[in-house]
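A.B. asks: There's a structure below that I have some questions on.
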Amino acid sequence: MATVTSNQCSAGVQPKALRVGLASIVAVYSPNGSMSSGDVIQMIKVPSGGRVVYLDVQYQLSGVGSFVVGDGISVARYIGATASSSGIGIVRLGAAGITYTPYTYSTDDTIDLVQSSSVNVSSGAVYMTAVIEYPGV
């Protein structure tokens, strides 16, 4: 089980806790090789006080597998297990039987994509888009 980061969670990229209003964030991760069940891709940082109001995952991958989308507290908070992550697809907030209840983060966290099954990916990318509300102080 490994943890890797997208372009939005790399070292030096910090969540912006002083924002007020809505912010749209897009993260990209290009897997290269084998991903095992339980592997975590940290896609988007969410600062304390942030609340996700929209989220989708778009993918174009050569391998066949499935994933869930959550955070450090609840592994499938946003998207339950996808049927398949092969080919081209899009999955939105609340997919696969998840009833989403807005959640306000009390500490900094990340939105994570977690592999539910092993997959060998030779090409492609995963794109995550989130709209995060920052209510201010």
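Readers should treat all values here as calculations from the given coordinates under stated rules, not as data from a laboratory. Everything quoted here is computed from the prediction, not taken from an experiment.
A.B. asks: Using amide H atoms built in the peptide plane, which far-off residues or other-chain residues are under 5 Å from Ser116 H to H?
C.D. replies: Those lying under 5 Å, H to H, from Ser116 are Gly38, Ser66, Phe67, Val68.
A.B. asks: Can you list residues whose amide H is under 5 Å from Tyr78's amide H, if they're 5+ apart or on another chain and H is modeled 1.01 Å from N?
C.D. replies: Here the answer is Val69, Gly70, since their amide H atoms fall under 5 Å of that of Tyr78.
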